[in-house]
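A quick write-up on the structure given underneath.
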Amino acid sequence: MNDATTTVNELKLLMARFVAEREWEKFHDAKNLSASIAIEAAELMEHFQWLRSEELAAVKDDTTTMIAIREEIADIAAYVLSFANQMGIDLASAIEEKMKKNTAKYPADKFRGKSR
């Protein structure tokens, strides 16, 4: 599997099968999954805690750290996919709709190169 050839639906099915095989549906409710997303996001943030801006580029060259970061982002994505499954959310359309709102809220000609 890779980003260029794997669909969101395939990933959602992968997660659904994983959860079903373990009979974890009873644990995978919106509250628990949203908490899991937040917890895993905090674990990702730990890899960057106390780093100065000029130190960030070196993170990509640290194999051990990159393996851990890759696992944290996978955990986050897995819980997001499970949350979408549980709540019946079509991720592609949700992202597309949100980006339309963001485009209107932050027009490129007014926000290009600005963080605020």
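The values are calculated or read from the model by the stated rules, or taken from the named source; none is laboratory data. What you see is a predicted model; the values in this text were computed from it and never measured. So basically every Cβ, Gly included, is an ideal-geometry build from the backbone, and we count neighbours across all protein chains shown.
Condition check ((1) closer than 25 Å to Leu14 by Cα; (2) in a helix (DSSP H, G or I); (3) free of Cβ contacts under 8 Å to residues at least 60 places away in the same chain; (4) within 14 Å of the chain's Cα centre (by Cα)) across all residues:
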site	(1), (2), (3), (4)
Glu72	yes, yes, yes, yes
Ile76	yes, yes, yes, yes
Phe83	yes, yes, yes, yes
Ala92	yes, yes, no, yes
Glu97	yes, yes, yes, no
Lys101	no, yes, yes, no
Lys110	no, yes, yes, no
Gly113	no, no, yes, no
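Only one of these conditions is not met by Gly88: (1) small (Gly, Ala, Ser); (2) surrounded by fewer than 10 Cβ atoms within 10 Å (Cβ to Cβ); (3) touching a residue at least 40 places away in the same chain (Cβ under 8 Å). Which number is it?
Unmet for Gly88, out of (1) small (Gly, Ala, Ser); (2) surrounded by fewer than 10 Cβ atoms within 10 Å (Cβ to Cβ); (3) touching a residue at least 40 places away in the same chain (Cβ under 8 Å): (3).
Which members of the stretch 23-72 meet the condition of being of a type in the set (Phe, Trp, Tyr) and within 27 Å of Asn85 (Cβ to Cβ)?
Trp24, Phe27
Can you name the condition, by its number, that Tyr79 falls short on among (1) surrounded by fewer than 14 Cβ atoms within 10 Å (Cβ to Cβ); (2) in contact with an Asp or Glu (Cβ under 7 Å, 6 or more places away or on another chain)?
Failed condition: (1).
Do you know which of the residues in the stretch 61-71 that are under 23 Å from Ile37 (Cα atoms) and of a type outside the set (A, V, I, L, M) is surrounded by the fewest Cβ atoms within 10 Å (Cβ to Cβ)?
Here is the first cut: in the stretch 61-71, the ones under 23 Å from Ile37 (Cα atoms) are 64-71.
Imposing the further condition that a residue be of a type outside the set (A, V, I, L, M) reduces the set to 64-65, 70-71.
Values: Thr64: 7, Thr65: 14, Arg70: 10, Glu71: 13.
Residue satisfying both the conditions and the ranking: Thr64.
Among residues belonging to the stretch 15-60 that are in contact (Cβ under 8 Å) with a residue 60 or more places away in the chain and under 17 Å from the mean Cα position of the chain (by Cα), point out the one that is surrounded by the most Cβ atoms within 10 Å (Cβ to Cβ).
Among those that are in contact (Cβ under 8 Å) with a residue 60 or more places away in the chain and under 17 Å from the mean Cα position of the chain (by Cα), it is Met15.
Scanning for something modelled with pLDDT under 95 and either out of contact with any His (no Cβ under 6 Å at 6 or more places or on another chain) or among the polar types (S, T, N, Q) (or both), does the stretch 45-53 turn up at least one residue?
The answer is yes; a qualifying residue exists.
Any idea which of (1) in a helix (DSSP H, G or I); (2) more than 21 Å from Asp3 (Cβ to Cβ) is the one Leu44 doesn't satisfy?
Leu44 satisfies all of (1) in a helix (DSSP H, G or I); (2) more than 21 Å from Asp3 (Cβ to Cβ) except (2).
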